[in-house]
Amino acid sequence: MAWNEPGNGKQRDPWGGDQGPPDLDEAFRKFREKLGAAFGGGRGGSSSGGGNEAAQAGAVLAVILALVGAIWLYLGVHVIDEQERAVVLRFGRFSEILDPGLNWNPSLIDTVIPVNVTRERQYESSGMMLTQDENIVELPVKVQYNIADVKAFVLNVQNPEISLGHAADSALRHVVGSSKLEQVLSEGRAEIAEETRVKLQSYLDLYGAGIQIVGVTIQEAKPPREVKAAFDDVIKAKEDEERTKNEASAYANGMVPEARGRGQRALEEAAGYRAKVVADAEGEAQRFQKLLAEYKKAPAVMRERLYIDSMQRWLSGSQKVMVSVEGGNNVLYLPIDRLGNRAEGAATGPAEASSTRTPTPASTAQQVADEVVDRLRREAAAARSRESR
């Protein structure tokens, strides 16, 4: 006999059992009885079976409604952090902005969207750009921003961060396209970054994205790899030019003050020489006036004195003196330089001559004059003796 062959009103179990499939109505009835017993509805007799079933159904419905209400209340609780603000949409329309703390909004009616408004966010991008002088440069940029208006950030733009990226690329390309390559590669990056920040903020304000740009940082600009060697040579040449200018400026700063000092010194020396000449002239004029006054008092004495002073002044600078003897035709030659050397050697000696000071012209002239006078006296005495003979 087959396992599923009908017999005695039952189907045979393929695993050898005689039990048939479970009765769902029976199982549901037993579940209701247990639930009614739990809520006190199972103490009635069989005569009140219909009322017990109604009570049991109401109890089950009440429990279900209570569970649903508790879950609904629980789902409506929202905890907003200190760094966040939340936008509430009631049936898809803006309702309010929730502040930090514990808040409750009806679930399935209100939609709460929390947004961190204090954290500083970043957007980084890099790409090839064309400058004003038609050169290609690779320029990486980093944008720091935060949320200034949470309502505008959530509702005005569908995806504000993607819009920020597009606006940043557009603003940077606009500014770089208005700048020369030298500004982009060297000292003009700070100005380009500031102009990009201002233009990007104007774009976002026009979109109503609710984003505040904190700063734009342009990192090191790099030329394309194919022409990097040529760009490096250009930059090196510019650095050499700047260094040469600095060296020339330093040389000028050193030479100009020195030249001005020499010029000032020449002016001071000229002024001193002028003052000396004027003072000497004034002194000579005063001396002449005093001599004139004395000459008027005793002309013969002053003439003799002036003659002696003049001869002493001129003879002190001469090395040869010719003296004519009165009453004779002989001319006496006086080698003043040799006489002066002999007189100096006799006075000081060989050892002391090297250590003593060089005699002044006045002392040498005085010695020569004394010798001349002595020699003249001897010549006059010899002449008188010859006449007496």
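Whether any residue in segment 121-130 is more than 15 Å from VAL216 (Cβ to Cβ) and in a loop (DSSP other than H, G, I, E, B) is what I want to check.
no
When you go through ILE113, ILE97, ILE136 one by one, which is the residue that is surrounded by 12 or more Cβ atoms within 10 Å (Cβ to Cβ), closer than 30 Å to LEU172 by Cα and within 45 Å of the chain's Cα centre (by Cα)?
ILE136
Could you tell me which residue of segment 92-126 is modelled with the highest pLDDT, considering only residues that are under 21 Å from ASP81 (Cβ atoms) and basic (Lys, Arg)?
Selected residue: ARG121.
Check segment 205-222 and report whether any residue there is polar (S, T, N, Q) and assigned to a helix (DSSP H, G or I).
No, every residue in segment 205-222 fails to be polar (S, T, N, Q) and assigned to a helix (DSSP H, G or I).
Name the residues in segment 125-147 that are without any contact (Cβ under 8 Å) to a residue 24 or more places away in the chain and farther than 16 Å from ILE192 by Cα, would you?
GLU134
Take the conditions out of contact with any Lys or Arg (no Cβ under 8 Å at 6 or more places or on another chain) and either hydroxyl-bearing (Ser, Thr, Tyr) or surrounded by 10 or more Cβ atoms within 10 Å (Cβ to Cβ) (or both) and apply them to ARG197. Does it pass?
So ARG197 fits the description; yes.
Does GLU226 satisfy being within 30 Å of VAL184 (Cα to Cα), surrounded by fewer than 10 Cβ atoms within 10 Å (Cβ to Cβ) and of a type outside the set (Gly, Ala, Ser)?
So GLU226 fits the description; yes.
So GLN289 fits all but one of (1) of a type outside the set (Phe, Trp, Tyr); (2) surrounded by 11 or more Cβ atoms within 10 Å (Cβ to Cβ); (3) at pLDDT 80 or above; what number is the exception?
Failed condition: (2).
The values are calculated or read from the model by the stated rules, or taken from the named source; none is laboratory data. Nothing here was measured: the structure is a model prediction, and the numbers come from that model. Glycine also receives a Cβ, built like all others from the backbone with ideal geometry; neighbour counts cover every protein chain displayed.
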